[in-house]
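Let me begin by presenting the structure, written as structure tokens, before commenting on it.
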Amino acid sequence: MELNELLPLIIADNHLHAKWLNTLSLMENTGARKISASEDPETVTYIILKHAAEEHRHAFYLKKQIEKTGIDNCTTYASKYLLAPAYSRYYLNQLDIDVCRYLKKELGLAGKELRFAAYLLVTYAIEVRADELYPIYQEALENAGSKVNVKSIILEEEGHLEEMINQLKSFSPDWESHAAKAVEFESRLFNKWVMALDESLQFSVGSLL
């Protein structure tokens, strides 16, 4: 199933919905930690600090939204509190690896230059995805009459994408071709993640029968 088909099924079950929110929180937190790890201690910019702080806040906000599902046991990012836990952890890490390999091969980058370029491309690809995922999720929430709301994240993610494009333009005159490659890597991983979510839901439903 496609994500827009899976989301109503997730939202309809409070336990699944809590795990979904926790999974999104995990992924936002992973992204924030990756941004921080890419920082150069001397040349880190205002935009990078702002972006890392906002991704951490998204992770916290999503964690708080779990309370609205009435489920209070998703206290950590332990696998039992996540949907498709293995692939949800793998997704961003593999995207980082794929982009780094590409940058090494195509641009011969290494060290802090590689870390910064990878931050730009990985984050761009994730922001493109976030600009698609969160509005679909918000629409599904509204259709279900859910108390959960991600409108504030949608607004900030739109700003993040614009900021990433501005940074990429300064990074390379060929930024669009590099960005397209990162999006290609991300799309393949995202599709596999959705398949893993589908399997996770089938297992969860099957275990209740």
For the chain, the dipole about the Cα centre with charges only on Cβ (Lys and Arg +1, Asp and Glu -1), to the nearest 20 debye, works out at 700
Note to self: with every protein chain in place and a 1.4 Å probe, the range 93-209 gives an accessible area per residue in Å² of 52
With +1 on the Cβ of every Lys and Arg and -1 on the Cβ of every Asp and Glu, the dipole magnitude of the range 136-209 about its Cα centre, in debye rounded to the nearest 20, is 220
Simple SL model, points at 7 angstrom along Cα→Cβ for residue 177 and residue 68; separation in nm is 4.5
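Can you tell me the convex hull volume per residue for the range 46-182, based on C-alpha atoms, in Å³ to the nearest whole number?
Given the Cα convex hull of the range 46-182, per-residue volume reads 124 Å³.
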The answer for GluC sites (Glu not before Pro) in the range 1-30 that fall in a DSSP coil and have at most 15 neighbouring Cβ atoms within 10 Å is 2
The answer for trypsin sites (Lys or Arg not before Pro) in the range 109-203 that fall in a DSSP coil and have at most 12 neighbouring Cβ atoms within 10 Å is 147
So residue 151 and residue 40, fully extended at 0.36 nm per residue minus their Cα-Cα distance, gain in nm 36.8 nm
Here the gain from full extension of residue 60 to residue 94, 0.36 nm per residue of separation minus their alpha-carbon distance, amounts to 9.9 nm
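The values are calculated or read from the model by the stated rules, or taken from the named source; none is laboratory data. No experiment lies behind these values; they were computed from the predicted model shown. Positions of Cβ are generated from backbone atoms using ideal geometry, with glycine treated the same way; all protein chains shown enter the neighbour counts. Calculation scope for accessible area: heavy atoms of the full protein, side chains included, ligands and nucleic acids excluded. Shrake-Rupley method; radii C 1.70, N 1.55, O 1.52, S 1.80 Å.
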